[in-house]
Amino acid sequence: MQAKINSFFKPSSSSPSPIADVSATTPEADDGLAVWEKSRNVIVNTYERRSATVNRSEVLKGCIGNPPLRKGSSFGSKNLSKKRSYTQFHLELGQSDFLLRHCSECGATYAPGDELDEKSHQSFHKDYMYGIPFKGWQNERVFASPSFNKNRIVMVLLETDSPAHRNKVQEVMKMMEVELGEGWILHKRCKVYLYVSSQRISGCLVAEPIKEAFKIKSPLEDEKRLKKESSSLPSTSIQFGNIVLQRQVSKRCRESNGKLDNGAIVCEEEAKPAVCGIRAIWVSPSNRRNGLATRLLDTARESFSSECVLEKSQLAFSEPSCLGRAFGSNYFGTCSLLVYKAQVERLD
């Protein structure tokens with residue numbers, strides 16, 4: 001193709017030049033005016049052969065109306081520096097959790113392979129297992145003691161504290177509702193105790209003022225079993241030379257024996273006086289069995305009333321679960337706990 005173009009612009013040797021035609025002998029050769037007219041009206045086209053490499057910058061300058069090119073782009077070439085997108089493919093081979101996967105620790109359900117879904121699960125899993133991130137406030141009602149190991153308990157009054165304090169409490173409540181149910185834990189008259197450890201809220205206790213509660217009817221054999229377990233606790237430490245290993249004691253609720261209660265709560269008809277109602281108590285899974293709930297209860301007893309320190313007999317639980325009854329029996333030293341029915345009230 002290039003050879004044909006070159007031959008087109010190459011002048012032919014057989015054809016006479018336009019200048020030669022002017023000087024050729026014609027009938028009007030002697031007429032000087034005719035020679036002058038022909039020499040002035042001849043159009044001579046001169047062609048120059050372009051190089052194979054075109055200066056693209058000059059071509060682009062001549063383009064009118066074209067949008068300016070972005071930095072780093074080139075005329076007529078593909079931009080190879082653009083980030084490529086890759087798609088992750090999965091093979092379905094009959095897996096039960098192919099589309100959705102259930103986390104056995106935090107209970108969340110997420111789609112494996114979905115980057116956004118996996119990041120959301122990782123964030124929720126960390127908050128659930130270790131506690132809600134908390135950097136602290138300038139004005140705090142702090143309770144601390146040497147037994148807390150540089151940790152602290154912060155009390156929040158929902159009726160008078162700032163919106164920032166209440167918003168943080170609401171964030172903790174959403175995590176508690178995963179295990180305890182929704183829409184009943186808080187109201188305006190509640191006092192909230194937050195256990196802060198390593199800049200995370202790893203425990204929470206919600207208390208409210210009450211006037212009366214009812215004692216649980218516990219079988220006599222349960223009382224005997226509890227006293228026997230408390231009096232004959234095995235040693236929790238084993239020593240090998242200079243190394244001492246501390247064993248963690250697991251507390252379990254008693255198994256149902258198929259008798260009267262069968263896991264239900266049966267109370268006495270006569271009401272007992274009570275001052276503080278433990279509406280809800282929660283500890284993050286990774287911090288359980290470390291005494292956080294006991295410290296929260298002790299702090300609530302000491303600070304709930306401004307007049308005096310409450311006795312354990314003045315505390316009552318709101319319809320405790322099986323695990324709650326096991327913890328309460330260990331804390332109070334009896335299976336005959338005081339319980340009350342928590343009323344559902346609006347927070348706003």
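Side notes on the structure shown:
- Of the set (1) under 30 Å from K126 (Cβ atoms); (2) modelled with pLDDT of 70 or more; (3) among the hydroxyl-bearing types (S, T, Y), all apply to S250 but (2).
- Which numbered condition I278 misses (of (1) assigned to a helix (DSSP H, G or I); (2) modelled with pLDDT of 90 or more): (1)
- Annotation: K150 fulfils all but one of (1) loosely packed, with under 13 Cβ neighbours inside 10 Å; (2) touching a Phe, Trp or Tyr at 6+ places or on another chain (Cβ under 8 Å); the unmet one is (2).
- Residue that is nearest to I185 (Cα to Cα) [pool: residues in segment 308-348 that are basic (K, R) and without any contact (Cβ under 8 Å) to a residue 24 or more places away in the chain]: K341
- Residue that is surrounded by the most Cβ atoms within 10 Å (Cβ to Cβ) [pool: residues in segment 328-348 that are under 22 Å from G203 (Cβ atoms) and within 32 Å of the chain's Cα centre (by Cα)]: A342
- Residue list for segment 130-173, filter: in a helix (DSSP H, G or I) and either touching a strand residue (DSSP E or B) at 6+ places or on another chain (Cβ under 9 Å) or not assigned by the TED database to the domain that holds R295 (or both): Y130, F148, H165, R166, K168, V169, E171, V172, M173
- Only listed residue being over 30 Å from the mean Cα position of the chain (by Cα), modelled with pLDDT under 85 and open to solvent by 50 Å² or more (accessible area, probe 1.4 Å), chosen from E269, E255, E302: E255
- Within segment 305-327, considering residues that are of a type outside the set (S, T, N, Q) and in a loop (DSSP other than H, G, I, E, B), the one most open to solvent (accessible area, probe 1.4 Å): E307
The values are calculated or read from the model by the stated rules, or taken from the named source; none is laboratory data. It should be emphasised that the depicted structure is a prediction, and the values quoted were computed from it without experimental measurement. Virtual Cβ from ideal backbone geometry, glycine too; neighbours counted across all protein chains shown. In case anyone asks, the SASA skips ligands and DNA or RNA and just uses the protein heavy atoms, side chains included. Shrake-Rupley method; radii C 1.70, N 1.55, O 1.52, S 1.80 Å.
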